[in-house]
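The values are calculated or read from the model by the stated rules, or taken from the named source; none is laboratory data. These numbers were taken from a predicted model, which means no experiment stands behind them. We place every Cβ from the backbone using ideal geometry, glycine too, and count neighbours over all the protein chains shown. Keep in mind that these areas ignore ligands, DNA and RNA; they rest on the heavy atoms of the full protein, side chains included. Shrake-Rupley method; radii C 1.70, N 1.55, O 1.52, S 1.80 Å.
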Amino acid sequence: SAVISQKPSRDICQRGTSLTIQCQVDSQVTMMFWYRQQPGQSLTLIATANQGSEATYESGFVIDKFPISRPNLTFSTLTVSNMSPEDSSIYLCSVEEGLAVYNEQFFGPGTRLTVL
Amino acid sequence: QQQVKQSPQSLIVQKGGISIINCAYENTAFDYFPWYQQFPGKGPALLIAIRPDVSEKKEGRFTISFNKSAKQFSLHIMDSQPGDSATYFCAASKSWRGSTLGRLYFGRGTQLTVWP
């Protein structure tokens with residue numbers, strides 16, 4: 001399966017600042033996803049990022065707050081803008097990869113964000 | 001609205017016992033049902049997945065049972081070990097174009113503790 005890395009692995013940020021999270025994949029993938037996981041909670045999809053098109057955001061998430069770039073088939077960034085303590089979460093990227101007949105989805109290690 | 005409902009929220013099992021986690025869904029269009037295992041500080045790892053053309057899938061000590069008419073699926077962990085202590089998430093997706101999964105809908109997670 002694809003090897004997915006994220007940078008940074010964790011960060012502590014001040015309220016009102018922005019943080020850009022990078023997701024790098026060791027193979028070319030069409031579909032990438034960004035999820036948020038609040039402490040002790042399930043995963044919530046923020047947006048789907050396909051190369052060559054604008055990211056598609058889920059209800060409750062907007063581009064001004066979570067701008068996403070997808071410049072090529074192996075890389076994506078998620079920016080958390082104008083942060084508040086409510087943005088403290090683990091941010092995860094995932095990719096969909098075709099294996100044999102069917103596709104599967106795999107997750108990166110996550111970026112643990114704390115906003116003070 | 002929670003697309004996938006998961007129970008129990010937490011589970012404590014003796015070493016060597018069987019751990020059973022249940023999930024239910026409403027959308028009959030779902031045709032892909034994965035289970036993810038997540039250790040603290042790590043991203044979710046794909047454990048096992050099933051598609052509705054079979055009623056059961058087994059990989060080592062892990063088995064998925066699928067009941068299409070009841071719209072339920074479950075994860076069974078045989079001979080549970082302390083190393084299995086983690087959070088388990090069920091999910092569901094509706095594939096399109098034959099194999100592409102698109103977004104996953106996650107359950108709320110089950111925290112499994114296996115006592116030695």
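Taking the criterion of being of a type in the set (A, V, I, L, M) and assigned to a loop (DSSP other than H, G, I, E, B), would at least one residue in the range A:86-96 satisfy it?
Our first condition is that a residue be of a type in the set (A, V, I, L, M); within the range A:86-96, this holds for A:90, A:92, A:95.
Going one step further and asking which of them are assigned to a loop (DSSP other than H, G, I, E, B), we end up with none.
No: the range A:86-96 contains no residue that is of a type in the set (A, V, I, L, M) and assigned to a loop (DSSP other than H, G, I, E, B).
Any idea which of (1) touching a Cys at 6+ places or on another chain (Cβ under 6 Å); (2) in a loop (DSSP other than H, G, I, E, B) is the one A:Asn82 doesn't satisfy?
(1)
Residues of the range B:38-56 being at pLDDT below 95 and more than 30 Å from A:Ser9 (Cα to Cα), which ones?
Within the range B:38-56, B:Ile50, B:Arg51, B:Pro52, B:Asp53, B:Val54, B:Ser55 meet the criteria.
Quick one: what pairs do we get from the range A:41-55, first residue within 17 Å of A:Glu97 (Cα to Cα), second of a type in the set (Asp, Glu), C-beta under 9 Å, 6+ apart or different chains?
Correct list of pairs: A:Thr48/A:Glu58.
Pick out the one residue from A:Val25, A:Val95, A:Val80 that is surrounded by 12 or more Cβ atoms within 10 Å (Cβ to Cβ) and within 16 Å of B:Leu101 (Cα to Cα). Reasoning before the result, please.
Values: A:Val25 fails: within 16 Å of B:Leu101 (Cα to Cα); A:Val80 fails: within 16 Å of B:Leu101 (Cα to Cα).
Testing whether each residue is surrounded by 12 or more Cβ atoms within 10 Å (Cβ to Cβ) and within 16 Å of B:Leu101 (Cα to Cα) leaves just A:Val95.
May I ask you to list the residues in the range A:10-40 that are basic (Lys, Arg) and either over 17 Å from A:Asp64 (Cα atoms) or free of Cβ contacts under 8 Å to residues at least 60 places away in the same chain (or both)?
Residues satisfying the conditions are A:Arg10, A:Arg36.
Only one of (1) closer than 14 Å to A:Gln24 by Cα; (2) at pLDDT 95 or above; (3) open to solvent by 20 Å² or more (accessible area, probe 1.4 Å) is not met by A:Lys65, so which one is it?
Evaluating A:Lys65 over (1) closer than 14 Å to A:Gln24 by Cα; (2) at pLDDT 95 or above; (3) open to solvent by 20 Å² or more (accessible area, probe 1.4 Å) leaves (1) as the failure.
Name the residue, out of B:Ser74, B:Ser80, B:Ser69, that is open to solvent by less than 40 Å² (accessible area, probe 1.4 Å), more than 9 Å from chain A (Cβ to nearest Cβ), part of a loop (DSSP other than H, G, I, E, B) and over 22 Å from A:Met32 (Cβ atoms).
Working: B:Ser74 fails: part of a loop (DSSP other than H, G, I, E, B); B:Ser69 fails: open to solvent by less than 40 Å² (accessible area, probe 1.4 Å).
Of the residues listed, the single one that is open to solvent by less than 40 Å² (accessible area, probe 1.4 Å), more than 9 Å from chain A (Cβ to nearest Cβ), part of a loop (DSSP other than H, G, I, E, B) and over 22 Å from A:Met32 (Cβ atoms) is B:Ser80.
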